[in-house]
1. Run the numbers on the chain and let me know its relative contact order in percent, using alpha-carbon pairs under 8 Å that are six or more apart.
2. Between their Cα atoms, which of 384/406; 237/276; 237/365; 210/230; 210/290 are more than 22 Å away from each other?
3. Would you mind checking the tilt of helix 387-405 against the longest principal axis of the Cα atoms of the chain, expressed as 0 to 90 degrees and rounded to 10?
4. Roughly what angle does helix 2-11 make with the longest principal axis of the chain, taking Cα atoms, 0 to 90 degrees, to the nearest 10?
5. Can you give me the P(r) profile for region 250-323? Cα pairs, bins 5 angstrom wide beginning at 0, each as a whole percent.
6. Taking N as the number of residues in region 188-275, what value does Rg over Cα atoms divided by 2.2 N^0.38 Å take?
7. So, with +1 on the Cβ of K and R and -1 on the Cβ of D and E, and no other charges, what is the size of the charge dipole of the chain about its Cα centre, to the nearest 20 debye?
8. Of 377, 124, 226, which is farthest on the positive side of the dipole of the chain, counting Cα position, with +1 on Lys and Arg Cβ, -1 on Asp and Glu Cβ, and the Cα centre as origin?
Amino acid sequence: MLQRIILKFRKSVWIYPSIISFISLVGAVFVGMADSGSFLNLPGFVPEFFLTSVELSKNILGVIAGSLITMTTFTFSTTMVVLTTYSSQFSPRTVENFLSDDDTMKALGVFMGGFVYAIVTLFFMKNSLGDQLVISAGIGIAYAIVCLVQFTMYIHHVGSYIQTNNLIDRLYQEAEKKISDYVSLLDKGTLIDESSWGREDLVLRVRSRKEGYIQLIDHSSIYRTSKDIKGTVVLGKINGQFVTDESILFSVYFDEEIQIDEDLIGELLDSITIGKQKSEIQDFNFSMQKITEIALRAISPGINDPNTASHCLRIMGVLLGKIAHIEGGYMLYKGEEDYPKVAYEIIEFSQELRSSYHQILHYGKEDVSVMQNMLKSIRFAAEKASDKNRKAIGRYLEHIWNALEKIYTSYDLRTLEREKEDIIRIIGG
């Protein structure tokens, strides 16, 4: 449930601006009532230094309102420029990383909130106040100073965020955390190879209710529901996979014929969040895909930045090394009693290996420096791979070499052969 709320917050760029603007609105109403003397005697409660005349307050708040709407416009324009840069230079998938960043939306929210405060407090400035001193302008000045600090931080943030290495590092940290969470989840159960779960004539196939990408899997909800089902619940999909309304999400195996409540089937389906876009909340592969796409853009003729591609490949090798011990199959979680039994399909390393490199091999195979770093990246993964996955690396290495032998001269091949021999020495091929 919490992860679904987080997902909605990440997809909703208006959350922070709306919250801050609402708080500013409430504060403006409170200050306006205080200025009117409805419940507070300002001269006796606030130092006179912070108070101004009504006419001066109107001038100050008018200037603040005009300035903040200009800063809001500039911030919005800068955000659009950054999004365009992310989409054209890095990957369209990285646009969400900037939009969902807290600092970006907080900056926009602070400026919008300041404008709301200035306009609303101006509304409360009545001619009937006469020579009465008010505090609206003093608070407005303090808010304007906060906005200036926020604006400076935003410019620094944009300058840092748009740098390629910083973006790659954030994607790496994001993927590393999700990999750590995934490995921790696997440690809670028993890893087994795919096998028969029960009688095929006593199995219930639960199909998806809509099409899209699997964004979230609520494992605790599946476990709770399986207690009432009295069968072995097998989830045959993983995060990030695309499903249709005909795709089988769950297979429930029974030992005997029983009648199952439709509400339980609904609870199983509700434990899977399906959306039109991928989400990196549980899917580390999505973050790795973004790194791959940055590498692809870097080696494109329009950008021609092989050094960035090489850096992406090194990072990719480190990340693959963190999952190189996972050999595929299923994770079986069994309760203390006969039921619940819940099995989840887990990632296949050979597929992760291919999806990480095959596009770079296709588009960058004519750049020897990129291919050299790709082989180095594979070596990083091989150093931490299990015996089974090292065999998969060996098969993929053979596929790579068959493609490279047709392109390079003997001089370049000798450079690449040294990297190949290092991998072979590790995998024992």
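Throughout, read-outs are computed from the coordinates displayed, never taken from laboratory work. Since we're looking at a predicted model, the values are computed, not measured. Here Cβ is always computed from backbone atoms with ideal geometry, including for glycine, and neighbour counts include all displayed protein chains.
1. Working: 622 pairs, mean separation 64.9, N = 429.
About 15 percent, as a whole number.
2. Values: 384/406 30 Å; 237/276 16 Å; 237/365 33 Å; 210/230 26 Å; 210/290 26 Å.
Those over the limit are 384/406; 237/365; 210/230; 210/290.
3. Approximately 90 degrees, to the nearest 10.
4. 70 degrees
5. Taking all Cα pairs of region 250-323, the binned fractions are 3, 12, 15, 13, 11, 10, 8, 8, 7, 6, 4, 3, 1 percent.
6. Dividing the Cα radius of gyration by 2.2 N^0.38 Å gives 1.06.
7. About 1020 debye.
8. Highest projection toward the positive end goes to 377.
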